[in-house]
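Participant: Quick one: this structure, given as structure tokens, is what I'll be asking you about.
Bear in mind these aren't lab numbers, they're just calculated from the coordinates by the rules spelled out. All of these numbers come straight from a predicted model, not from anything done at the bench. Neighbour counts are summed over all protein chains in view; Cβ atoms, including those assigned to glycine, are modelled from backbone coordinates with ideal geometry.
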Amino acid sequence: MSALLRRLAVVIPARNEELLLPRCLDSIQHAVERLAEQRPELRTRVIVVLDRTTDRSLRVARGRPGVVVVRSQAGKVGRARDLGVYAALRWATGPQRGTWIANTDADSTVPPDWLCTQVRLAETCLDVVVGTVQPDPADLPDGVLAAWSAAHVLGEGHRHIHGANLGFRADVHTRLGGFGGLKLHEDRDFVLAAAAAGLPLLATDQIRVTTSGRLHSRVRNGFADFLAAKSLDYAERTG
């Protein structure tokens, strides 16, 4: 079975991210351009899924050439990611195995080689690539950043799973039944299911994504809640 990719879609769920979405899309555009330089024959598409969005994120996304917008009222990030993948599958032609789905979040920025590296890794016969995520240092006090770093050892073979940095072949999504419409931890459950199915998977620090260090979470027990807890702990120790 060929490992060669012919299409790549970037899926970005967003809810009221008009302030951070432009920076996210800028970084993805740089990554798409870098990929086009190295693999001009590989077709790409960027899909933003606006989930219960009431701000001007729609205007931001529609103002970007080549960005496709999908609307959702699900209120669940798992469902939003699924809708983005389904839109990618409608766009893509040919066997699903030849399509790669790169996932990030609207409050995140990706490195320029984010897509090139995923493609290179995928074509070594991988089905899933699990990348690392770090909070934006500019958003956090040094003590909170240090506490986060102490709890997150980033490197090859890491144990962290984030939807903000996750790639997989389209046929994997179909085989596993997608993200299950979950409100939280849809990324973790998806990767654990892939591992349980014995699919070729790599956890790598080669494509580290930077995400917002905000302390107000859009979902309970999410990334921001962890940072908020570390911030409170730091304040109590230093106050």
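Participant: Mind listing the long-range amide H neighbours of GLY213? Cut-off is under 5 Å, sequence gap 5 or more, other chains count too, H placed in the peptide plane at 1.01 Å from N.
Facilitator: The list, which skips near neighbours in sequence, is ASP136, ASP139.
Participant: How do ARG81, ARG52, ARG169 line up, fewest other C-beta atoms within 10 Å first?
Facilitator: So the ranking, lowest neighbour count to highest, is ARG52, ARG169, ARG81.
Participant: Using the Karplus curve 6.51 cos²θ - 1.76 cosθ + 1.60 with θ = phi - 60°, what ³J(HN,Hα) values do you get for each residue of the range 76-84, in whole Hz, with x for Gly and Pro?
Facilitator: 9, 5, x, 5, 4, 4, 4, 4, x
Participant: Amide H to amide H, which residues 5 or more places from VAL49 or on other chains are under 5 Å from it, using H placed in the peptide plane?
Facilitator: Under 5 Å from the amide H of VAL49: ILE12, ALA14, VAL70.
Participant: Then there is this: Using only alpha carbon positions, build the gyration tensor of the range 7-238, then give the equivalent ellipsoid semi-axes as the square roots of 5 times its eigenvalues, largest first, whole angstrom.
Facilitator: Working from the Cα gyration tensor, I get semi-axes of 27, 20, 17 Å.
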